[in-house]
Every structure is written in C-alpha cells, then in structure tokens.
1. Under 12 Å from the Cβ of Leu89, count the other residues' Cβ atoms, weight Lys and Arg +1, Asp and Glu -1, and hand me the total.
2. Hey, with R₀ at 35 Å, roughly what FRET efficiency would Ala167 and Cys197 work out to, going by the Cβ-Cβ distance, to 0.05?
3. Only sites in a loop by DSSP and with at most 11 other Cβ atoms within 10 Å count here; which chymotrypsin sites (Phe, Trp or Tyr not before Pro) in segment 112-158 make the cut?
4. How high is the relative contact order of the chain, in percent, counting Cα pairs under 8 Å that sit 6 or more residues apart?
5. Quick one: compute the contact order of segment 173-239, relative version, from alpha carbon pairs under 8 angstrom and 6+ residues apart, as a percent.
6. Loop by DSSP (not H, G, I, E, B), at most 13 other beta-carbon atoms within 10 Å: where is the longest site-free stretch of the chain for trypsin sites (Lys or Arg not before Pro)?
7. Using alpha carbons only, what's the Rg to Rh ratio of the chain with Rh from Kirkwood?
8. Can you tell me the length gained on complete extension of the stretch Val79 to Ala175, counting 0.36 nm per residue apart and subtracting the Cα distance?
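Derivation of every value follows stated rules applied to the coordinates shown; laboratory data play no part. None of the values given here were measured: they were computed from a predicted structure. Cβ coordinates were reconstructed from backbone atoms using ideal geometry, including for glycine residues, and neighbour counts include every protein chain displayed.
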Amino acid sequence: MCFYCGLALMAGTLTGLDSASEELLYAHMIEHLLIGDLAALLIVLGLTGPLLAPLLRNRLIDRLRALSHPAIAFPLWTVNLYVWHAPSLYEAALRHPAIHALEHLMFVGFGVNMWMCLLGPLPTPRWFGNLARLVYILAVRLAGTVLGNIFLWSGTVFYPFYLHGDALHRISPLADQNLAGAVMMVEEAIVTLGLFCWLFLRTGRESEERQELLDFARTRGLQLDEARAARAVAAGRGAELRRRLAAQAGDSAAGDGGQDRQLGAVGHGGREPVEKADVLAGNVDVHEAPQ
C-alpha cells in the first residue's frame, strides 16, 4: 500500500503541479518536497526483503547497496539538495525539460537512498542503533531547515525565471521565495515530528520485546546474550528468535546435546555463512548478514 501510494503521489504531483511549478517558486518547492521527500519515504516503507532480493543478485546493483550506508547516504542527499538549488543549475532545469527530468530523478533517487538506511529492509551497521537514528534524523532535517531558512529570510531574489509568473499571480518575487522557504520549513517540521514519534515508539517496543526474550530464555534455563537479543529485536526477528529458543528448550528436555551447541551460537554470537538474498527473503536474521 505504501509503495503504490508513493508512486501515485509522485504521478499526481507531476501532473497536477507541473504548470504551476513553472510560474511560482513555492509551487515548485511543494512539487519537489512531495516527490523527493514524501513519495520517496512511502516507496521505502513499501519495500520488502523478498522484493529486493532478486535485484540484489545482480552484482552491479548489489555494489550500489553500499550507497545506502548512513555515513554515505546523508552526504549524498545533502549535496544533491543544495547543488540543484544553485541558481544556475536550478534555472537550467526550468528552461530545459531533459535537465528538469534529471533533477526530479535525482531528487527521488537520493531521497529513497536517504530513507533506506533509516526505514528500509537492508542490513545496517551495528552502531546504527536508535540513538544513531535520532542523530541521523536531526542531521537530515537540519540540512533541509538551513536551506528553508535561506529562502525564508533572504532579501535577494535567487531565480529571475519566476518574475513573469509572479507578475501574473500578483505576488512579489521575494514573497514567492519567502513562501517557498516557509513551505519547506513546515514540511520539515511535520515529517520530523512524525519520525520522532516513530523512533520513540520503536525504542519502547524494542526494549519491552528484548526483556521478554531474556526472561523467556532465563525461565527455561537457557543462555541468551543480551546483545544478541537486542540485535534480533532491532532487525525485526525477535519472534523468530523466540521460536528457536522454544524449540531449543524442548530439545534440551529431551536430552539432545547437539541443540545446545546450536543455542551456543545464538547466545554467544556464533555465525554461519549466509547469503544476502536469504536475509532479504526472511530466511535468516538481518543482523547475521554481511555488512
């Protein structure tokens, strides 16, 4: 549902605001925020492991997965955002349809990549926990807020291209530009508030689920490392780990010593070779995937 809503939002924005975006800067800003921020967010929310697994079997696409690393995705998104708002390149996009299409493609592409490490199904580094996610959200929103403030408070008209459209709509060029900055600030605030709520709820749910796993293992006389439980919960595989513990408890009661060695891998961080396609298909825990 999220995936198709993202595509529908993108299509509706490009068709509904296309003419207005050529006359008013704030309309163009709304267009960019809808396709490059919100539509990209919805598309990432709609992506699943099984959907991406066939794509990542292609070596070229699999190598591009490195771009979704948080330390790479954020700088790429920020540079793309600011470069395309440079007056010369921005007006070139307005005057040439091919450049304009490339601009939109890059906004969507880098937007999806920016959201991927935060909300997507791909494995993330172990250090990218909830605190790191909070810092990431703040950094992304701060980068957008700075640009919005530049438009909101600047006394200089950046894009003379809109002078004709501003005159038609009886709005001053500076008011149009300031309004574009205000629109960006409001959108940033709404999305940031939503992300903070999501992270708060995620943190509480993970803490409760992690403690339940530890209690479940302890009451059955099994060893479960707290870090391992935290990684399983963060990867969304807490229920699967609980089933494995339940099966292990039953096998232990039957006196199967071989299963104890298997639980040792669970409790002490043992690893078995896994394929990324298996991870994305949901056959193994995400935290066991190659980083």
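1. After counting each charged neighbour, the total is -1.
2. 0.25
3. Of the chymotrypsin sites (Phe, Trp or Tyr not before Pro), the ones in loops of segment 112-158 whose Cβ has at most 11 other Cβ atoms within 10 Å are Trp127.
4. 21
5. It rounds to 26 percent for segment 173-239.
6. On the way: sites that count: Arg57, Arg126, Arg170, Arg271.
Of all site-free stretches, the longest is 171-270.
7. For the chain, the value is 1.10.
8. 31.9 nm
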